[in-house]
Amino acid sequence: MYARPLFCTQCGQRLEERLVGSHHQKPVPVCGACGAVHWIDPKVAAGCLIVRGGEVLLVKRGIEPGYGLWVFPGGHVDRGETLEAAALRETREECGALAKVDGLVGVYSYPGRPVIVAVYRATLLPQSPEPYPADETLEVGWFTPEEIDRLDLAFRSCADALTALLGRPYVASRRAAPAAGSAEPDDDAG
């Protein structure tokens, strides 16, 4: 989880927890001096499941969380960027692949987790280079549904998206760090 802010971004005074409005049930950080409310918004991530000839492109993460585990290429959405543009940018950054979005596979969020993940089915463009391991990637590979069964998947959202795409159940690796207060693997895709 992300740490709650301690000081106001507007005036620098210490924040306090308050209920805001009559319908909110969770306290949020509020500045007692200037009244600024510091909403704790989720982080949004997006990625692509690229399919070619019955195989799916996956990358082995070279960064935490999920170092050394397999996932679809993806990462955080920049402010002002569309989900689709972010998914394609992250795919290019992580494995050099140029792709086009074919449709939405699903949007994944989990109780107590700060990340919402949008996953798209995509196709390599004809001018795309063959995918390769870029800065945050240890390996890339094309895998059949049966081969994916033997991979250690980094995140629950990856397993859930593959399940939706391929119509068979997958689970995240037990080597993935569990979410705070949960036996489920963490889902801070990034």
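General remarks:
- The set of residues in the range 39-77 that are out of contact with any Asp or Glu (no Cβ under 6 Å at 6 or more places or on another chain) and part of a loop (DSSP other than H, G, I, E, B) comprises TRP39, ILE40, ASP41, PRO42, GLY53, GLY54, GLU64, GLY66, TYR67, GLY68, PHE72, VAL77.
- The range 114-153, residues that are part of a strand (DSSP E or B) and either closer than 12 Å to LEU57 by Cα or not assigned by TED's automatic domain parsing to the domain that holds ALA99 (or both): ARG121, ALA122, THR123, LEU124, GLU139, VAL140, GLY141, TRP142, PHE143
- Close Cβ contacts (under 7 Å, 6 or more residues apart or on different chains) running from residues in the range 113-138 that are more than 13 Å from LEU88 (Cα to Cα) to residues that are of a type in the set (S, T, N, Q) comprise ILE116/SER109; VAL117/SER157.
- Among residues that are without any contact (Cβ under 8 Å) to a residue 60 or more places away in the chain, in contact with a strand residue (DSSP E or B) (Cβ under 8 Å, 6 or more places away or on another chain) and surrounded by fewer than 19 Cβ atoms within 10 Å (Cβ to Cβ), ASP102 is included.
- Residue that is farthest from PRO145 (Cα to Cα), among those in the range 51-110 that are under 13 Å from the mean Cα position of the chain (by Cα) and of a type in the set (S, T, N, Q): SER109
- Among the criteria (1) part of a helix (DSSP H, G or I); (2) touching a Phe, Trp or Tyr at 6+ places or on another chain (Cβ under 8 Å), the one VAL101 does not fulfil is (1).
The values are calculated or read from the model by the stated rules, or taken from the named source; none is laboratory data. For clarity, every value in this text was computed on a predicted model and none was experimentally measured. When we count neighbours, we look across all protein chains shown, and the Cβ atoms used for this are built from the backbone with ideal geometry, even at glycine.
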